[in-house]
Amino acid sequence: MISLHASVAQRGLTFDLDHGQGRTLAIIGRNGSGKSSLIGLLAGLLVPDPGGTLVLDGVTVAGPQWVPPHRRPITLLSQDPTLFPHMSALDNVAFGLRAAGMAKSEARERARVGLDGVSIGHLCDRLPHQLSGGQQQRVALARAIAVEPSILLLDEPLAAMDVGAAVELRVLIRQALEGRTGVVVTHDIGDIRAFADDVAVLADGRVGDYGSVDERMGDENSLLRRYFLGY
């Protein structure tokens with residue numbers, strides 16, 4: 001589960017959000033509404049003001065004390081794969097496992113299985129510059145789920161993909177989200193329909209609307225419909 005009740009006064013943000021375990025939440029909103037800041041708070045890249053609280057999967061990571069990103073039960077996948085350019089695809093995926101203390105041979109074997117899972121196991125020895133953008137994002141997805149996070153954060157992971165690559169990656173991301181709590185920032189109604197159980201619409205640094213996707217798409221007055229239909 002996710003329970004965020006925190007402010008960042010310097011940015012004009014106040015978030016009150018409770019989201020259920022094992023469900024995927026889509027975050028939408030216009031530019032400047034606070035989407036990146038919300039993801040930053042969840043990931044530990046942004047520190048809330050004193051007095052705020054954040055609970056992830058039953059662990060309090062902000063409140064009495066602040067827990068750094070590497071100790072949170074999360075991984076973050078953004079539109080930039082951010083692969084290590086000097087490492088092969090296999091070693092990029094194995095990196096997080098090695099950082100967690102796993103033996104090299106076991107980490108590389110787990111990474112190989114992960115790359116097979118995103119259908120590029122045959123490219124495991126290639127460096128990032130030898131891969132297409134879609135292939136790099138597959139490596140990044142394999143790396144994100146290799147450490148078996150409880151919560152997967154996705155910040156517009158398909159924004160830089162062409163249509164064909166995006167369709168294939170949607171399938172893989174949907175599979176990766178099964179059994180996990182997910183949060184995806186998106187501007188694409190296709191992502192919402194593919195991944196999300198619930199949706200939160202941000203406006204002026206706050207959650208302006210929250211509810212199930214089915215309910216909000218069926219309500220002609222919902223902020224979700226207004227956002228995508230532009231009225």
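Of all residues in segment 12-46, which are more than 20 Å from Ile189 (Cβ to Cβ) and touching a His at 6+ places or on another chain (Cβ under 6 Å)?
Within segment 12-46, Asp16 is the sole residue that qualifies.
Of a type in the set (Ser, Thr, Tyr), closer than 30 Å to Thr14 by Cβ and surrounded by fewer than 20 Cβ atoms within 10 Å (Cβ to Cβ): is that true of Ser105 in this structure?
no
Pick out the one residue from Gly51, Gly22 that is at pLDDT 90 or above, part of a loop (DSSP other than H, G, I, E, B), among the small types (Gly, Ala, Ser) and within 17 Å of the chain's Cα centre (by Cα).
Going through Gly51, Gly22 in turn, just one is at pLDDT 90 or above, part of a loop (DSSP other than H, G, I, E, B), among the small types (Gly, Ala, Ser) and within 17 Å of the chain's Cα centre (by Cα): Gly22.
Can you tell me how many residues within segment 161-184 are closer than 20 Å to Gly40 by Cα and out of contact with any Leu (no Cβ under 7 Å at 6 or more places or on another chain)?
Number of matching residues: 1.
Tell me which residues, restricted to segment 54-80, are assigned to a strand (DSSP E or B) and not β-branched (Val, Ile, Thr).
Within segment 54-80, Leu54, Leu56, Ala62, Leu76, Leu77, Ser78 meet the criteria.
Would you mind finding the one in Leu46, Leu41, Leu17, Leu13 that is aliphatic (A, V, I, L, M) and closer than 21 Å to Phe195 by Cα?
Being aliphatic (A, V, I, L, M) and closer than 21 Å to Phe195 by Cα holds for just one of Leu46, Leu41, Leu17, Leu13, which is Leu17.
Determine whether Arg98 is in a helix (DSSP H, G or I) and within 26 Å of Gln21 (Cα to Cα).
When the stated conditions are applied, Arg98 does not pass them.
Quick one: in segment 111-123, of everything that is surrounded by fewer than 20 Cβ atoms within 10 Å (Cβ to Cβ) and not aliphatic (A, V, I, L, M), which residue is nearest to Leu90 (Cα to Cα)?
Only one residue fits best here, namely Arg112.
Against the definition (modelled with pLDDT of 90 or more, under 15 Å from Arg206 (Cβ atoms), of a type in the set (Val, Ile, Thr) and outside any loop (DSSP other than H, G, I, E, B)), how does Ile39 come out, yes or no?
no
Of the residues Arg98, Arg138, which is at negative phi, among the charged types (D, E, K, R) and surrounded by 21 or more Cβ atoms within 10 Å (Cβ to Cβ)?
Arg138
Find all pairs meeting these conditions: Cβ atoms under 9 angstrom apart; at least six residues apart or on different chains; first residue within segment 21-38 and free of Cβ contacts under 8 Å to residues at least 12 places away in the same chain; second residue crowded, with 17+ Cβ neighbours inside 10 Å and not charged (D, E, K, R).
Filtered contacts from segment 21-38: Gly32/Gly205.
Check Leu46 against each of (1) in contact with a Gly (Cβ under 7 Å, 6 or more places away or on another chain); (2) not in a loop (DSSP other than H, G, I, E, B) and name the one condition it does not meet.
Only one criterion in (1) in contact with a Gly (Cβ under 7 Å, 6 or more places away or on another chain); (2) not in a loop (DSSP other than H, G, I, E, B) is unmet by Leu46, namely (2).
Scan segment 217-227 and give yes if some residue there is buried (at least 21 other Cβ atoms within 10 Å of the Cβ) and either among the acidic types (Asp, Glu) or over 19 Å from Gly32 (Cα atoms) (or both), otherwise no.
no
The values are calculated or read from the model by the stated rules, or taken from the named source; none is laboratory data. Note that the structure is predicted; figures quoted are calculated from it, not measured. Ideal geometry is used to build each Cβ from the backbone, glycine not excepted, and the neighbour counts take in all protein chains shown.
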